[in-house]
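The values are calculated or read from the model by the stated rules, or taken from the named source; none is laboratory data. Just so it is clear, the structure is predicted and the values come from calculations on it, not from any experiment. Every residue, glycine among them, receives a Cβ derived from its backbone with ideal geometry; neighbour counts consider all protein chains shown. Accessible surface areas use protein heavy atoms only, side chains included; no ligands, DNA or RNA. Shrake-Rupley method; radii C 1.70, N 1.55, O 1.52, S 1.80 Å.
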Amino acid sequence: MSAVVQPEPERGLRKSLKVLRAGPFRRYMIGESLSTTGTWMQLMAEGWVMTSLTSSAFMMGLVTFATGMPMLLLTMYGGSIADRFDKRNILLITQVAQILLAATMGVLVYTQTVQIWHVVLVAACLGTVNAFEMPAVSALVPELVSREEIGDAMAVDRSSFHTTRLVGPAIAGFVIGQFGAAVAFFANALSFIPLMLALRTISPRAVGNEEEEAARQTGFMDGVAYVKSDAPTVAMISMMALMTCFPAPVLMVLLPLYSRTELHLGATGMGLMMSVNAAGALLGSVWLLGVAPEKRFAR
């Protein structure tokens, strides 16, 4: 009697994309993709508005600094908040805050009353909101899939992020060229609504046992102690810090200024310039989807 041949387990891109079957993760990803596309549209519109107000690289950098400092100072605290409270509610609150900030910028630009300090202030507020949003997002995604699918879910989430980074600025450039920068800000405000609807359909996290819930109440300093004791985490944070301090300012600060003042590009051209730098990151994230989960974290 011939032996029964067991089918080979599915691997690669096709297997990874199965995480997008009907369910809470797919609903979340649809809303998140639309929301992040709007966010990239606003970032491009912000660069366009700033280059119309100033030709100073320092002032352009000040906007990025205003966004980054609250995130640097508050993100770990935001992580402890995400552990203690319902992540869905945290995200719903941060979406409302971002709608208000985007709408405020849209009104200022539309009425032609926007000034540099307006952009800096809104950027600082947005950085504060992101310091609470990002940890909640990072903690929510693994709760929407099974333990075996967490690697695939994170890879799909990153691929979506880089796709929107490629598409968002290009769309913004077209929209600004046709309808004006205010429309890009208003479009971003509307883009948060699908994500809010998706979050409303997601069930709360199941309550763990007494020990698990006690662990969630650990404070900010416990998180710092854990990071310091884990070498891979320290290496990852250090790499992200270096990327934020050096390549990111060139792309987010100097690129819009160079596009407009040196290349004399219009909004569409600037949008394409800001989009194309995401192509490599998108290819890398799609490649990661094809890597077997057990090999993604090999040291």
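Here residue 189 fits the description: assigned to a helix (DSSP H, G or I), more than 30 Å from residue 287 (Cα to Cα) and open to solvent by less than 50 Å² (accessible area, probe 1.4 Å). Scanning the range 25-42 for residues that are in contact (Cβ under 8 Å) with a residue 12 or more places away in the chain and open to solvent by 50 Å² or more (accessible area, probe 1.4 Å) yields 27, 30, 34. All conditions but one from (1) within 20 Å of residue 194 (Cβ to Cβ); (2) open to solvent by less than 30 Å² (accessible area, probe 1.4 Å) apply to residue 49; the one that does not is (1). For the range 240-266, a residue qualifies if it is at pLDDT below 75 and either of a type in the set (Lys, Arg) or not in a helix (DSSP H, G or I) (or both), and exactly one does: 246.
On the stretch given as the range 127-186, residues that are closer than 21 Å to residue 90 by Cα, open to solvent by 20 Å² or more (accessible area, probe 1.4 Å) and either touching a Pro at 6+ places or on another chain (Cβ under 7 Å) or of a type in the set (Ser, Thr, Tyr) (or both) total 3. The condition of being of a type in the set (A, V, I, L, M) and within 13 Å of residue 134 (Cβ to Cβ) holds for only one of 59, 71, 50, that being 71. Looking across the range 167-194, the residues that are farther than 22 Å from residue 25 by Cβ and aliphatic (A, V, I, L, M) come down to 170, 171, 172, 175, 176, 181, 182, 183, 184, 187, 189, 190. Over 17 Å from residue 199 (Cβ atoms), open to solvent by 20 Å² or more (accessible area, probe 1.4 Å), among the hydrophobic types (A, V, I, L, M, F, W, C) and in contact (Cβ under 8 Å) with a residue 60 or more places away in the chain: does that describe residue 76? So residue 76 passes the test. Selection within the range 267-299: residues that are open to solvent by 40 Å² or more (accessible area, probe 1.4 Å) and modelled with pLDDT of 85 or more. The member of this set that is nearest to residue 177 (Cα to Cα) is 268. Comparison of 80, 52 shows that the only residue that is at negative phi, over 20 Å from the mean Cα position of the chain (by Cα), polar (S, T, N, Q) and part of a helix (DSSP H, G or I) is 52.
The C-beta contact set for the range 91-115 (first residue free of Cβ contacts under 8 Å to residues at least 24 places away in the same chain, second residue in a helix (DSSP H, G or I) and surrounded by 15 or more Cβ atoms within 10 Å (Cβ to Cβ), distance under 6 angstrom, 6+ apart or interchain) comprises 108/118.
For residue 124, the criteria (1) farther than 14 Å from residue 45 by Cα; (2) buried (at least 21 other Cβ atoms within 10 Å of the Cβ); (3) among the small types (Gly, Ala, Ser) hold in every case but one, which is (2).
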